[in-house]
Amino acid sequence: MTKQFATIFFIALAILLFVLSLLTGSNGINISDLTKILNNDEMFLLILEQIRLPRALAAFFAGAALALSGALMQAVLKNPLASPFTLGISQASAFGASFAIIVLQSYSSSFIFGGNFITTLCAFISSLVCTFTILYLGKFSNMKSESLILAGVAIGALFGSMTMFLQYFATEIDVATTLFWTFGDISKASFTSALIIAGIFLPILFFFYKIFWQFDAMMMGNESAKSFGVNIEKLRIGAMILASLLSAVTVSFLGIIGFIGLIAPHIVRLIFGSGHKLLLPLSSLIGGGLLLCADIISRVILSPVIVPVGILTSFLGAPLFLYLLTRKKS
């Protein structure tokens with residue numbers, strides 16, 4: 001399979017999954033819904049516009065944002081196991097959002113910017129604390145990249161315990177809100193949340209795509225990268241901050257969705273190699289496709305019950321990642 005053919009295949013697959021997502025309801029995939037579109041069925045078009053289209057857009061852009069976040073973290077930390085989930089950044093975002101919901105009462109108070117903005121801001125600040133802790137450990141404590149992953153696991157557990165501490169003293173309604181929120185559910189998406197995620201994801205992808213060669217230079221070693229004029233510290237801090245922003249915004253709107261940021265870059269490396277000119281955009285494309293696929297399965301696997309997609313990505317992601325590791329080693 002040539003790289004050009006594989007690229008066209010994944011683009012076509014993402015488009016197909018997007019269309020299937022529009023045709024999928026709580027009763028499964030309905031191909032017959034295509035005739036309703038052609039017949040201009042007003043009731044179905046309303047469902048499509050208000051529910052299914054925002055959901056499909058949010059699934060694609062959230063998956064793409066998480067995958068790009070994982071690809072950036074793996075590049076600057078030089079560790080293929082780095083992702084918002086394994087570094088504890090998703091858990092930190094969850095703590096920040098739980099703090100906003102439980103302590104600040106972001107969804108019940110009359111904040112001038114709205115509850116979503118406060119929740120997203122707290123999630124982002126919390127993820128930044130986690131990010132700078134990881135960067136501090138890496139730079140000043142001279143920890144190896146493998147040790148940083150273990151540090152991320154410990155930091156994630158710490159933020160998880162602090163989230164549970166808040167929930168222990170919260171009201172039943174706030175506990176239910178935070179628990180439902182942390183499940184990772186695309187049904188919470190709206191046009192606004194999908195557009196915000198897309199509005200943050202696309203400029204970040206474009207920016208790093210323009211300087212993809214700097215990541216390639218880093219792969220050859222710090223000295224080689226400096227000889228090409230790469231400011232390693234500036235690139236590392238900038239990439240980690242923007243990767244955290246991608247993760248925080250996605251988590252704050254849709255909850256914790258694991259493994260997308262870890263798996264998508266590995267799939268790209270297996271097929272296209274490690275060059276970041278293809279790795280960054282194709283990881284985003286495959287990440288969006290993976291989350292679209294997981295969301296479709298979540299709606300049909302126990303129909304009419306809809307399983308939160310965060311549960312499904314963890315169920316499917318763990319064995320798929322182990323398979324990829326085994327195949328890569330062989």
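Assorted remarks:
- Of the residues making up region 80-117, those that are open to solvent by 10 Å² or more (accessible area, probe 1.4 Å), modelled with pLDDT of 80 or more and either aliphatic (A, V, I, L, M) or more than 18 Å from the chain's Cα centre (by Cα) (or both) are PHE99, ILE102, VAL103, LEU104, GLN105.
- Residue list for region 276-330, restricted to those being hydroxyl-bearing (Ser, Thr, Tyr) and either part of a helix (DSSP H, G or I) or modelled with pLDDT of 80 or more (or both): SER283, SER284, SER298, THR313, SER314, TYR323, THR326
- Taking the listed residues SER303, SER252, SER274, SER314, the one that is open to solvent by less than 30 Å² (accessible area, probe 1.4 Å) and hydroxyl-bearing (Ser, Thr, Tyr) is SER252, with no other qualifying.
- Condition met for SER252 (within 22 Å of LEU13 (Cβ to Cβ), touching a helix residue (DSSP H, G or I) at 6+ places or on another chain (Cβ under 6 Å), in a helix (DSSP H, G or I) and small (Gly, Ala, Ser)): no
- Selection status of VAL249, of a type in the set (Val, Ile, Thr) and under 26 Å from GLY96 (Cα atoms): yes
- VAL230 vs. criteria open to solvent by less than 50 Å² (accessible area, probe 1.4 Å) and under 20 Å from SER83 (Cβ atoms): no
- Taken over region 181-213, residues that are modelled with pLDDT under 85, of a type in the set (Phe, Trp, Tyr) and closer than 19 Å to LEU292 by Cβ amount to 1.
- When residues of region 1-33 are limited to those that are part of a helix (DSSP H, G or I) and open to solvent by less than 20 Å² (accessible area, probe 1.4 Å), the one farthest from LEU290 (Cα to Cα): ASP33
- Of all the numbered requirements in (1) open to solvent by 40 Å² or more (accessible area, probe 1.4 Å); (2) part of a helix (DSSP H, G or I), ALA264 misses one, and that requirement is (1).
The values are calculated or read from the model by the stated rules, or taken from the named source; none is laboratory data. Note that the structure is a prediction, hence the values are computed from the model and not measured. Glycine also receives a Cβ, built like all others from the backbone with ideal geometry; neighbour counts cover every protein chain displayed. Only protein heavy atoms, including side chains, enter the accessible area calculation; ligands, DNA and RNA are left aside. Shrake-Rupley method; radii C 1.70, N 1.55, O 1.52, S 1.80 Å.
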